[in-house]
Amino acid sequence: MRRIAASLSALALAVSLTACADEVDGGGGQAEGGAEAATNLVALAKQVGDQTAESSSAHMVFTGGAGGFEVKGEGDLELGGTDPAVSMDMDTGQGKMSMVFLDGVLYMKLPPGLSTGGKPWIKIDSKDQSNPMAQALGSLTDQMRQNADPRQMLEQFQKAGTITSSAKEDLNGVETTHYKITVDVQKLADTQQDPQLKQAMQEAIKSGLQDFPVELWVDGEGLPARMTVEMPTPDPSTGKTTPVKVQVDYTKWGEPVDIKAPPAGQVGELPR
């Protein structure tokens, strides 16, 4: 189950990045294609937020590391409604997994050998008070749900982060503005509402971590093309704080996506 927890940690942060990028904006100099180069996070959030409001779906590819595991994934994203919808196929290096996050519920298709009752999918419901594993993993699904509101996520970075540089850069043949941002861990901890994330950041501060980097590439239409972060995050399998590194690349903004829950007959109970 530790593999599941580590993979979920990376996915939770990837979704957080997606939500955050949804509201990152610009205001400042004029960039190629009409987008403006932002001089602060408030402006950056408005520029990208305005654009993603019209292009709320995307294809994303992410790589991440959490709890000693390397995770690679690819899938689709829908940012409309009250919760984000994500469909993702992942390779943990020790087996392939699939995830669907829909209507605030997380479904995971486990590698062979980890399936429950012969059913390939499990459902993680943070409301299940009787299952400790559901509670541990459910806290991460709650992070996804909370970070579905881009303003909520960006507001934290606005108060704790600073744009340190911005420059034009070619990214996979697309001209982008590359922003480098430094986030103050103490300031972020002071504004953090999630108790587990707050504790993780406080533990990181005690270990000597003062800040962490965030990088964002925005294309000429004001849409996020890539985002990277290395952020202290609670590992639900150990209860300890671990740095989670994630890179998310976005393409096909505005193209239709079809994200569905797995058939009920294929969903088993989460192990206790």
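For residues in region 102-123 being farther than 15 Å from Ser87 by Cα and in a strand (DSSP E or B), which is modelled with the lowest pLDDT?
Taking region 102-123 as the starting set, the residues that turn out to be farther than 15 Å from Ser87 by Cα are 111-120.
Still in the running and in a strand (DSSP E or B): 116, 119.
Working: Thr116: 61, Lys119: 85.
Selected residue: Thr116.
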Tally, over region 179-213, of residues that are free of Cβ contacts under 8 Å to residues at least 40 places away in the same chain and closer than 14 Å to Arg226 by Cβ | 2
In the set Thr191, Thr177, Thr162, which member is among the hydroxyl-bearing types (Ser, Thr, Tyr) and more than 27 Å from Ser55 (Cα to Cα)?
-> Thr191
Going through region 157-171 in order, the residues found to be touching a residue at least 24 places away in the same chain (Cβ under 8 Å) and either crowded, with 17+ Cβ neighbours inside 10 Å or polar (S, T, N, Q) (or both) are Phe157, Gln158, Ala160, Gly161, Thr162, Ile163, Ser166
Single condition Thr242 does not satisfy, out of (1) modelled with pLDDT of 85 or more; (2) more than 20 Å from Ala45 (Cα to Cα) = (1)
For region 174-201, name all the residues that are in contact with a helix residue (DSSP H, G or I) (Cβ under 6 Å, 6 or more places away or on another chain) and of a type in the set (A, V, I, L, M).
-> Val183, Val185, Leu188, Ala189, Met201
Reported set for region 49-63 where residues are out of contact with any Leu (no Cβ under 7 Å at 6 or more places or on another chain) and modelled with pLDDT under 80 is Gly49, Asp50, Ala53, Glu54
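For region 174-193, enumerate the residues that are among the β-branched types (Val, Ile, Thr) and closer than 22 Å to Thr233 by Cβ. Before you say what the answer is, go through the steps one by one.
Applying the first criterion (among the β-branched types (Val, Ile, Thr)) to region 174-193 yields 174, 176-177, 181-183, 185, 191.
Hits for region 174-193 are Ile181, Thr182, Val183, Val185, Thr191.
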Could you tell me which residue of region 191-232 is modelled with the highest pLDDT, considering only residues that are farther than 22 Å from Phe62 by Cα and either crowded, with 23+ Cβ neighbours inside 10 Å or among the hydrophobic types (A, V, I, L, M, F, W, C) (or both)?
-> Ile205
Given the conditions (1) modelled with pLDDT under 85; (2) surrounded by fewer than 18 Cβ atoms within 10 Å (Cβ to Cβ), and given that Asp89 satisfies all but one, which numbered condition is not satisfied?
-> (1)
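The values are calculated or read from the model by the stated rules, or taken from the named source; none is laboratory data. Just so you know, these numbers come straight off a predicted model, no measurement behind them. As a convention, Cβ positions derive from the backbone with ideal geometry for all residues, glycine included, and neighbour counts pool all protein chains shown.
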